[in-house]
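What follows is one structure encoded as structure tokens, with my remarks underneath.
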Amino acid sequence: MEKYAVKVFKSLGHPIRLKIVKKLGKDRLCVCKIKEDVGFSQPNLSQHLKLLRDSGVLIAEKKGLKVIYQLKDKRLLQVIDIVESVMEK
């Protein structure tokens, strides 16, 4: 279990990936919608999404020609909120 936690926290260790996770906390989105906010090229964004998927943070579902991403568990947003609030003090 510890190994899994390390993998998840490591995957959240980049500002863009953290932004992606927060954005997907509100809605399921395709890459084209995620790309609107991150300002990265499609290949670079795909690398970040793959890392988040491989760490178990995201689930990807193919719908026609699009891949729709969502958080595996929205409780991860609570963890992020806790970390951010602890660091603000």
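The values are calculated or read from the model by the stated rules, or taken from the named source; none is laboratory data. On a predicted model such as this, the values are computed, not experimentally measured, just so you know. Note that we place each Cβ from the backbone using ideal geometry, even for glycine, and neighbour counts take in every protein chain shown.
Data table
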read-out	value
Check on Lys26, under 14 Å from the mean Cα position of the chain (by Cα) and modelled with pLDDT of 90 or more	yes
Residue match in region 51-58 (condition: of a type outside the set (A, V, I, L, M) and at positive phi)	yes
Filter result (more than 10 Å from the chain's Cα centre (by Cα) and surrounded by 14 or more Cβ atoms within 10 Å (Cβ to Cβ)) within region 61-75	Val67, Ile68
Flag if Ser85 is more than 24 Å from Tyr4 (Cα to Cα), exposed (fewer than 13 other Cβ atoms within 10 Å of the Cβ), free of Cβ contacts under 8 Å to residues at least 24 places away in the same chain and more than 9 Å from the chain's Cα centre (by Cα)	no
Near pairs, Cβ below 6 angstrom, 6+ apart or cross-chain, from region 24-53 (under 22 Å from Arg75 (Cα atoms)) to any residue that is surrounded by 14 or more Cβ atoms within 10 Å (Cβ to Cβ) and among the basic types (Lys, Arg)	His48/Arg17; Leu52/Arg17
